[in-house]
1. Going residue by residue through the stretch 222-230, is there one that turns out to be over 18 Å from residue 153 (Cβ atoms), of a type in the set (A, V, I, L, M), surrounded by 13 or more Cβ atoms within 10 Å (Cβ to Cβ) and touching a helix residue (DSSP H, G or I) at 6+ places or on another chain (Cβ under 7 Å)?
2. In the stretch 390-424, what count of residues is obtained for those that are without any contact (Cβ under 8 Å) to a residue 60 or more places away in the chain, touching a helix residue (DSSP H, G or I) at 6+ places or on another chain (Cβ under 6 Å) and part of a loop (DSSP other than H, G, I, E, B)?
3. Quick one: what pairs do we get from the stretch 472-489, first residue assigned by the TED database to the domain that holds residue 396, second open to solvent by 70 Å² or more (accessible area, probe 1.4 Å) and not hydrophobic (A, V, I, L, M, F, W, C), C-beta under 8 Å, 6+ apart or different chains?
4. Please identify the pairs in which a residue from the stretch 366-380 that is closer than 18 Å to residue 458 by Cα has its Cβ atom under 6 Å from the Cβ atom of a residue that is of a type outside the set (Gly, Ala, Ser) and open to solvent by 30 Å² or more (accessible area, probe 1.4 Å), counting only partners at least 6 apart or on another chain.
5. From 405, 448, 416, which residue is touching a Ser or Thr at 6+ places or on another chain (Cβ under 6 Å) and at pLDDT 90 or above?
6. Pick from the stretch 133-154 the residues that are open to solvent by 20 Å² or more (accessible area, probe 1.4 Å) and among the small types (Gly, Ala, Ser): which of them is farthest from residue 204 (Cα to Cα)?
7. What are the residues in the stretch 338-375 that are farther than 30 Å from residue 321 by Cβ and hydrophobic (A, V, I, L, M, F, W, C), if any?
8. Suppose we filter the stretch 64-80 for residues that are open to solvent by less than 50 Å² (accessible area, probe 1.4 Å) and free of Cβ contacts under 8 Å to residues at least 60 places away in the same chain; how many remain?
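The values are calculated or read from the model by the stated rules, or taken from the named source; none is laboratory data. If you're wondering where the values come from, they're calculated on a predicted model, not measured in any experiment. We place every Cβ from the backbone using ideal geometry, glycine too, and count neighbours over all the protein chains shown. Each accessible area value is taken on the protein alone, full model and side chains, heavy atoms only, with ligands, DNA and RNA left out. Shrake-Rupley method; radii C 1.70, N 1.55, O 1.52, S 1.80 Å.
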Amino acid sequence: MRETARQKKRNGRSLHSLSHFPSSPASLSPLKPPKHKSSHRTKTLTSLHYTKPLSANYTLSSESDPPAAVQTFWRWFSDEGVITSKCPVKPGAVPEGLGLVAQRDIARNEVVLEVPKKFWINPDTVSGSEIGCVCGGLKPWIAVALFLIREKKLGNDSIWRFYLDVLPENTDSTIYWSEEELSEIQGTQLLSTTLGVKEYVESEFEKVEEEVINPHKQLFPFPVALDDFLWAFGMLRSRAFSRLRGQNLVLIPLADLINHSPNITTEEYAWEIKGAGLFSLGNFCFLYGPQYQSRLVMIQYDLEKSNAELALDYGFIESRSERNAYTLTLQISESDEFFGDKLDIAESNGMGETAYFDITLGRPLPAAMIPYLRLVALRGTDAFLLESIFRNSVWGHLELPVSRANEELICQVIRAACSSALSGYHTTIEEDEKLTEGGNLDRRLEIAIGVREGEKKVLQQIDGIFKERELELDELEYYQERRLKDLGLVGEQGDIIFWEPK
């Protein structure tokens with residue numbers, strides 16, 4: 001279970017009914033909660049447009065010049081002294097959009113790009129702007145979003161116009177998909193999360209519109225709509241850096257043109273150089289790693305994100321199986337007669353009333369998942385383990401089968417939940433594979449098929465694990481048997497030894 005990927009409060013929609021433990025209820029939901037934090041879990045940035053890693057034999061032609069707006073932006077940075085003749089990269093057009101292209105061979109760990117801090121866009125930039133006086137109490141991402149919207153609408157009157165002109169109107173992130181496109185991810189956790197994120201953005205917009213935009217028309221003399229706010233949110237979600245020292249949210253023009261490669265297995269790509277003088281500004285230094293494809297300079301966006309998260313944040317997916325994941329949500333019901341005891345045990349072991357477990361295709365179940373399931377399912381004669389005398393050792397007991405009834409119950413509940421989730425998809429894995437083999441798919445449809453197929457494969461994997469466990473129920477050793485062995489009351493053949501009085 002990845003703690004960084006979780007929130008205690010669920011903010012999205014569940015598209016499937018919940019499965020319950022009889023008499024000792026717990027819920028299992030297909031929903032993975034969206035991440036609504038100003039310091040995004042985004043560890044890197046995205047390219048200007050949707051991108052897939054290019055094949056190694058792809059060669060940029062002399063005709064692959066970037067759009068006019070990008071060339072104007074490049075001249076602006078050159079005039080400002082950010083770009084010199086020694087710069088080893090330049091923006092270039094590639095089949096999937098834009099990227100940074102090497103103009104010559106680049107040595108390992110050679111500095112690729114340096115962007116002075118005065119060109120960064122972060123909460124400090126907002127504080128020093130005309131709207132800084134009304135953004136002080138806002139969440140950092142909302143303040144930066146308002147700044148982007150205002151500067152974009154100012155047009156030629158904005159000093160940031162050359163940068164804003166190269167930002168896309170949208171990406172292939174699912175937050176920009178139409179209802180018809182979203183119907184292709186029916187039943188997926190990605191749809192639940194996407195709808196939850198859009199509801200969250202709309203809620204935040206309504207508040208900032210009422211509290212900041214409408215009362216300060218002199219600062220916002222132009223109409224600001226929800227679509228503007230969603231655009232700014234998507235730009236930050238996909239392009240913002242959050243791994244620089246002391247920087248939780250920062251846009252760095254030009255650096256954010258770099259693309260992602262699944263072949264790069266490290267996220268270390270940047271550092272900040274502190275200025276030597278009292279008033280000198282630090283530089284953002286961009287590192288070139290050992291891997292790149294053709295002449296494209298690339299980085300790893302995030303090693304931990306699933307395909308659903310990549311689709312939501314950036315608008316692309318990978319073909320690697322380990323990017324396919326599904327999140328099981330387990331909960332101790334407040335109606336459980338042992339709710340207090342179970343919650344105390346869960347909290348003593350680093351969990352809570354609700355627990356989220358990421359299941360990845362081809363990998364074992366998270367270590368804490370089975371013990372937590374057994375805890376939630378404890379009832380009847382097994383409830384003695386909840387007594388205070390066992391409090392310090394109960395988790396160790398839960399790491400092993402408790403009783404046949406307990407083990408059978410968790411198998412039934414998980415398999416029923418998997419069956420329910422699988423019934424929510426409108427295609428089968430075989431149908432998805434056939435569509436993929438046909439080729440010539442729209443990019444967004446390709447993302448949809450990849451995500452829903454991956455989720456179904458993980459659900460089948462989970463179901464298979466618990467189906468196999470059901471077949472082993474009669475062969476497992478349970479608590480009472482282990483206890484009798486510890487007391488020396490079980491013979492070599494597993495028979496119980498009765499001592500006759502003399």
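1. The answer is no; no qualifying residue exists.
2. Looking only at that region, the number is 1.
3. From the stretch 472-489, the pairs are 473/404; 474/404; 476/404; 478/404.
4. 366/1
5. Checking each option against the conditions leaves just 416.
6. 136
7. 338, 339, 343, 345, 346, 375
8. Adding up the residues that qualify gives 3.
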